[in-house]
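The values are calculated or read from the model by the stated rules, or taken from the named source; none is laboratory data. What you see is a predicted model; the values in this text were computed from it and never measured. Heads up, the Cβs are rebuilt from the backbone with ideal geometry, glycines too, and the neighbour counts pull from every protein chain shown. These accessible areas exclude ligands, DNA and RNA; they are computed on the full protein's heavy atoms, side chains included. Shrake-Rupley method; radii C 1.70, N 1.55, O 1.52, S 1.80 Å.
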Amino acid sequence: MRPRPALDVADLPATAFDSQAPVWWGNTLLMVIETVTVVLLVVTYYYLIQDFNVWPPISGEQPTPRYEPLPDLHASTLFVGLIAVATLPMIWADRACRKLRTAPTVIGLLLALAAGIGAIVFRIYEFKALHFWYDENAYASIVWTLLFMHLLYVILEVAEAGIDIVWILVHGLDEKIAVDVTMATAYWYWMVAMALIVYFVVYWSPRVL
Amino acid sequence: MPYPLDVPAAESSDPVWSEANLREHILLEQTWRRPPGIYGWLTATNHKDIGLRFIVTAFIVFLMAGVLAFIMRLQLAVPENTLVGPDLYNELFTVHGTAMMFLFAVPVMEGMGLYLVPLMVGTRNVSFPRLLNYSYYIYLGSVLLLFVGFFLNVGPDVGWFAYTPLSGPEYSSGKRVDLWSQVVTLAEISSLAGAVEIVTTVFKQRAPGMSLNRIPLFVWSQLVTAFMIIFAMPAVMLCSNMLSTDRLAHINTQFYNPAEGGDPLLWQHLFWFFAHPEVYIIFIPATGFISTIVETFAGRRAFGYTLLVLSMVATSFIGFGVWVHHMFATPLPQLGQGLFTASSLMITIPNGIQFFCWIATMWGGRLKLTLPFAWVLSFFLIFTIGGLTGVMLASMSIDQQVHDTYFVVAHLHYVLIGGAIFPLFGAFYYWFPKWTGRMLGAKLGWVNLALMFIGFNLTFFPMHTLGLLGMPRRIYTYFRESGWAERNFAATVGAGVLGLSVLMFLVNVLISRRSGLLAGSNPWGASTLEWATSSPPPSYNFLHPPMVRSGHPLWFDPPDTPVVTGLALEHREVLVTTTHDAKPHHRYHMASEAWETVALAVVTIVMIVSVVFHSLAIPVGLPLILLVLAIWFWPTKETKPLKDPNRLRTVPATVPMIPDPA
Amino acid sequence: MIAAATARWATLADNDFGVTSGEWVRGTKSVLDPAGPQSGRIHQLFLDYFWLSVVVYVLVVLFVIFAVILRRRRARWTGPILAEPAPSREKLRGWLVGLATLATTIALFFLLAGDHAAGRAIRSLSTDNALKIRVTGHQWWWEFRFEDEAPSKIFTTANEIHIPVGRTIEVELHSPDVIHSFWVPNLHGKRDMIPGHPTRIAFRADKASEYWGQCAEFCGYEHAKMRFRVVAEPEEKFNAWKAAQLQSSVQPATDSQKKGQYVFLHTTCVMCHTIQGTTAGAMMGPDLTHLASRKTIAAGSLPNKRGHLAGWISNPQTIKPGVRMPANSLPPDQLQALLDYLEILK
Amino acid sequence: MAIKQRKLELGVLVASLALVTSCKREDRPFQTSAPSAEAIQFTRMTDFRAGGPSISGNQPSPAMSADETPEEKEFEENAYMVGEGKRLFSAFNCVGCHAHGGGGMGPALIDDQWIYGHEPAQIFCTIIEGRPNGMPSFGGKIPSFQVWQLASYVRSLGGLVPGDAAPGRDDDMHGGPPENSAPNQKPNDSSLPKSAEMPK
C-alpha cells in the first residue's frame, strides 16, 4: 500500500455565514418554494378576473352591492408599514450578531418580535376590513388565502425570533446561534417582500388596474 | 468466476487496515452509526438507511400499484366483463396512477439520489439529516393513507388528475377525494424536503476539487430534478389544497365553482403546470442512470458532457412551458395552443441531443454487454417509440384525435416504463452490489429482462391502435362490436408476463441478497466515487473523504491525489466546500438522531389526515406543530468546544487505496 | 387454470345482456377511416408524422444495434480503453451529433408547419348555412337540440342524431355537470365540454354512413357507456327524419298502449322524462318523444329491442351500474303495456 | 400479559369498527335492495292530491311495509346516498317550494321546526303521502330508496346527519352554508309555524 498525501482541514472554521453555510441554502430553498407558492396564488388571483364581469365582484346579482367591494386600506397599510419599518432593527440585529454583540442583537430581535406580534393583530383586523368571508366567491377565496398564507409566514417568523431571543438569553450568543439570527433576518426580508406583493395585489390592483 | 464481467477479485483491492486507520474506523463508526435498538431504527438519519427505505417502500408501492393495474387488465381482457364494476374500476385506476406517479416514481428516484449523491460527491451524509428522517415518515404516511384508504373503500375514484368539478364537492360525495388530496400534500412535502437535501448536498458538500464541471452526470441529473421539484411541486400542493378547502365543511371556498367566478380550467392549468414537469422529474434521473451505465460499460467518459448537462437543464426549463398540451381539447385560444405545440416539439431537441451523445459515446467506446447495459439498450428500443408518439401528441391537430384515448395510455407507458423503469431496473442491477455487497444473479437477471421486454411490448404496443380505433381511456368496459377485444386480450396476457418478470426480479433479489457473488468495492470497474469505498459502505462512507482531480476519479485521477483528513472523529462533521470550485471552506457539524423528527412527522400526518374529518384539526394541529418544531430547532449547546486541541489529527501512514483500474 | 378462466370470461361476455354480435347495430369508429374534411386532414397529418417517426426510429435503432455489434468488447476487463479518445474521431462525432441535431430541428420545423397548416384547414370550414346543434353532455347521456330560427322547428333528441351529408354541422357544446368531451373519430377531433365554458366546433360528413361518438373525458361511473350514434345521410332522408322528429308523440291506439301511457304518466318514468304531447315534461333524462325511432337505448349501450328495453326499465343498474335511472319493479302486465306504448313512439 | 392481550383485542376491535363504518360510509350501493314488488295502487295516484288521508301526521304510513324500512341510519350515514338525495331534491323540483331548504311556498327545512316530524320514517311518510296545503303525494312516483335518499338529505339540511356524510357546497350560486356546515338544529316537532297552519 502506497502512502497517500492528505489534505488536512482541521484548521478550517466551524461555522460560516450566508451562502457558504448549508443551512443558508436550506433556508433559501424553502423560501424559493414558498415564493413559487405565492407567485402561483397571485397568478390565480389574476386568472380569476376573467370569470367576473365586475372586478372586484359585487355580491350576488343585486344592483347595489351588499358590501363595499373594495377592501379597506387602513389595517393593511399599518400591517405593511409596521413590518417594513421593523426591517431596520432586524438589519441592526443581523450586523450585531455577526460581531457577537449580545445586547444589540437581542434588542433588535425584540423590537422585530414586537412589530411581528403587532402585525398579526393588524392582519386580524385586515380580514375584517375585507367585508366578505372566504366562501363568498372565488375572488373572496383567493384574497383570504393570500392573506392567510402570509399570516402563517409572519407567525413562523415571530416564533423563530422568539426562540432565538430566549436561547441567546439562556445560553449567550455564539457563532452558531448567530447564523440562526442571520437566517431569521433573511426570512424577515423575504417576508416583507412577500407582504408588499400581497399588499399591492390585494389592495391596490383592484383600485389601479 | 461465473459472472460475465471479469473483474479483479474484490478482496485484492480491499484496504489493508493500519492500526491508525483501524482506530479511526472505530471512532467514526461509533460517531456515525445510528443509536442501537428501535429508537435508533426509528430516528435513523443516515442517507443510506433512508435512501434504501425510500427505494424499498417505493418498490412495494410499485408492486401494489402493479397488482391494481393487473386487475384492470383482467377486467378489460374481454368485452363486457363483469369482474369489477365501475366504482371499483375507477378506484383502481386512480390509485394506480396516484401511487405510480406520486408514491413510486418520484420517491424511488429521490431514494436513489439520497443514497448515491453523497457517495458520488464524496461526503458523509446529506446536509440536513433530521429533515431526511422526517421526509421519509411523511412519505410513509402518505403511502399508508392511500392504500389503507383504498382497502377501507375510501380510495380516490376521480383519476390521478382529479379534474374538477368531478372531484369537487358536488360530484364526489364522501371523503375519497379529500384523502387523495392529503395523500398528495404529504407526498409533496416529502419530495420537497428531499429536493432541498439534494441541492444543498450537491452545492456545499462536494469533495474538494469537484468543481461544477467534474460533477458526475448522475449527480447533475439529481440536481436538475431537485430544482424541478422545487418549482413544480408547490403548484400541485396549492391546487389540491384549494380543492380540499372547496370540499371541506366550514371552509367551502369557491375556487372551482363556475357559478361563483371559480374555474375548472384553473385546476387544469395548475395541475398540469406541475404534472408535466413531473414527467421530467421522473425521466431526468433515469437519464442520469443511463449516462452512468453507458460511461461505465463503454469504458470512456461520456461524449459531450457539457452538452448532456445543458440538455438536462434545457429540458427542465422547457418542461415548464409545455403544460397546455394536456389541454389541447379544451376551449382555449388558438394562438396560445400553437405556441404550446411549438414548445412541446422543441423539447425534442435537448432530448435528441442526449440520445445522440449516448450513441456517440457507445461508438467511441468499447462496449461490455452486461446486464445493466442491456437494460439501457432496451431503453433505447422502447423509449424512442414513446418519444416519437410524444412528438405526435405535441401536434395540436393530431392530439385532438388521440387525446384521452389508449394511444396516450400507450405513449405514457412507453415513456415512463421505457424511459424510467427500464433504466431503473438497470440501475438496480448496477448498484445492487454497492447496497448489499453482492451481485444480483445474472441468469435470472437476463430472464427478467427478456420477460419484461416481451411483456411490456405485448401489453402496450396494441394500445396504440386501440386508441386510433377510438377506445377512450378510463373506461371500465367496452362493447364487443367495437372490435377492441383481441388487442385488449393480448394486452392482458402481456401484463401477466410483465408481472411474472417483476416476480422474477423479486426472487432474484431474495436469492442474491443471501448467496449472490461477493462484489468487492468496484465490481464494474466504474469511475465514480461511490465505488471508492467498500460495498456496502460503512456508516461514515469514507474513512478519509476523497479529493478529486477529474470527472472520473477512479479512472483518471493521478495516484497521488490527496485525501481529506482532520475532520472530527468524535462528532459528526463534514467538509463544506465552495459552491463553484469546491474549495474547502469550513467544517460543518451535523445534527444527529432526534425523536422530534418522528414526533413532528406523526403530528403532521395526524393533523393533515384529521383536517378531513374535523374542522378543529388546524387550530389544534398548527400550534402543536409549532411546538414540536420549536423543540426540534432548539439549538443544542455544544458540550465540547468546537476546536478540540486534543483530537486525533494524525495523518495515517496508509489509507484505503482507491483501487487502480489497471 | 388460465384457460378455464378465459373460457369463463368468454361465456360471461357472450351471455351478458343477451347481446350477440349479430344483433348489434352498425356504425364505425376509427381515426384511420376519416369521413369528413376535418378528420381527413388530421389523418393526413398523422400519416406524415407517422412515417417520419418510422424513419427516425429505424435510424436510431440501427445506430444502437450497430454500435453494440461493432464496438463490442469480448476481452477481459482492463480498465477504460480510451482515457482520452482520439481527438480526430471525437471531432467527427461532434460533427455528426451536430448534424443530427440540425436535422432534428429542421424536421421539427416541418412538423410544426404541418400542424399549423392542418389546424388552419380544420378551422376554415365555413359555418354559413350550417346545421346548428346544441349538444349537452349529461352524466351519462347526450342531449341534442337541433336549433332553428323558428322556435317551432326546434326539437330535442338524445344519444342519436341524423345529419345531412355534405353540409356543415356546427355543434355548440355545453355541460351542466362535470367535464365531458364530444368526439366522433370519423368526423373530427374531440372537444371538451367544460361547465362555464361553452364552445363550438364545426365539421362535415362527406360519406353517408353510421358513426359512433363517445365521451372522451372521464366523467364518472358510466363514462364507458356514454356513447351516441351519428347517422350521416342524404339531405332528403335527413329532412324526412327531421320532419318526423318535429312531430308530437304518437298517441296510443290500443287498450294496452293506453294502459302503457297511463303507467308512464303515473309511475317513476314521469319524474325524469319528457314525451311531447303528454303531460310528461321532466328534463332529467332523455327525451322519449321519438324513442322508437332510435336504434339504441341507454346511451348506445343496448340495441333498441323490446327485450332490452324491458331489461333496461326493470333494472338499469345491472346494465349501467351507477346510472341515474332507478330500477322499476312494475308488475308484468304493466311492464308489457308500457313497452307496447314505448314501441309506438316512432 | 393479560393487559397487553386486552389492549390488543381492543385495538383489533377499534380497527375493525373503523373498517366497517368507513366501508359503509363510502359504499356506492347502486344495486339497492330491490324495491318491493307491490303493484302500483292506482287508486292512490289518480292525480296530485294535497295531502293524503288524514292519518296522524307523525306516524309512518301503514303503506310502508316493514321490509322497506331501511336499517336505521343506513342511508344518512352514507355520503353517496345523501349526495344522491341532494341531486334528486333539485331534480324533482323540491326547490320549487322549499328553495334550497330556506323555504318559500313550502316550509323551511333548515330550521328546527318539523311540522310532521323529523325522523327519517316521518319524512319518508311526508313525501309518500303528501301533506295538507300543497305538499303533493309522491307515492308510486319515486322509488322508495330514492325517497329514503331524499329524506336523509332533507335531514342533512337541518344538520341532523353526520357531518362527514353531509354534502359539501354545490357548484352553484353561493347562498348560505352548505349542508356539511349546517348547525345541528335541535328538532322541534310540536310547533307549527304560521305558514303551515290550516287556513281558516
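Numbers below:
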item	result
Candidates per chymotrypsin sites (Phe, Trp or Tyr not before Pro) in segment B:241-300, loop by DSSP, up to 12 other Cβ within 10 Å	none
Among B:P619, C:F109, C:P252 the positive-end extreme of the charge dipole of the protein assembly as shown (Cβ point charges)	C:F109
Chain C: calculated mean residue ellipticity at 222 nm from DSSP helix runs of at least 4, using -39500 (n - 2.57)	-13000 deg cm²/dmol
Cβ-Cβ FRET estimate between C:W51 and B:S550, R0 fixed at 30 Å, reported to 0.05	0.10
Partner chain coverage, peptide B:293-299 - average Cβ within 10 angstrom	3
Student exercise, segment C:37-123 dipole from Lys, Arg, Asp, Glu Cβ charges, in Debye to nearest 20	400
Helix-only [θ]222 nm of chain B, DSSP H runs n ≥ 4, -39500 (n - 2.57) each, per residue, nearest 500	-20500 deg cm²/dmol
Interface size A-B, as summed buried accessible area [1.4 Å probe, Å², nearest 100]	5600
Angle in degrees between helix B:176-204 and the longest Cα principal axis of chain B, rounded to the nearest 10	30
Antiparallel bridge percentage (DSSP; both residues within chain C; nearest 5)	70
Cross-link reach list, aspartates and glutamates versus A:K99, counting only Cα pairs under 13 Å and skipping chain neighbours closer than eight places	A:D174, A:E175
Between helix A:87-98 and chain A: long-axis angle, C-alpha atoms, 0 to 90°, nearest 10	10
Cα-Cα over 18 Å, subset of C:K258/C:K320; C:K207/C:K237; C:K153/C:K242; C:K305/C:K346	C:K258/C:K320
Largest to smallest accessible area among C:I161, B:I189 [probe 1.4 Å]	B:I189, C:I161
Tilt relative to chain B, helix B:305-319 - C-alpha long axis, 0 to 90 degrees, to 10	30
Beta bridges by DSSP in segment C:118-235, antiparallel share as percent, to the nearest 5	70
Packing rank of B:557-566, B:19-28, B:125-134, B:204-213, where each peptide gets the mean count of other beta carbons within 10 Å, highest leading	B:125-134, B:204-213, B:557-566, B:19-28
Centroid-to-centroid separation of segment C:259-337 and segment B:173-207 [C-alpha atoms, Å]	51
Computed [θ] at 222 nm, helices only, for chain A once each DSSP H run of length n ≥ 4 contributes -39500 (n - 2.57)	-23500 deg cm²/dmol
10 Å Cβ neighbours from other chains, averaged over peptide B:386-397	6
Antiparallel bridges, percent of DSSP beta bridges restricted to the protein assembly as shown (to nearest 5)	70
B/C buried area, accessible surface, summed, 1.4 Å probe, Å²	8600
Average silhouette area of chain B, convex hull of alpha-carbon atoms, in square nanometres	29.3
Averaged over C:32-42, number of beta-carbon atoms from partner chains that fall within 10 Å	2
Sorted peptide list for B:298-304, B:49-55, criterion being average Cβ within 10 angstrom, highest first	B:298-304, B:49-55
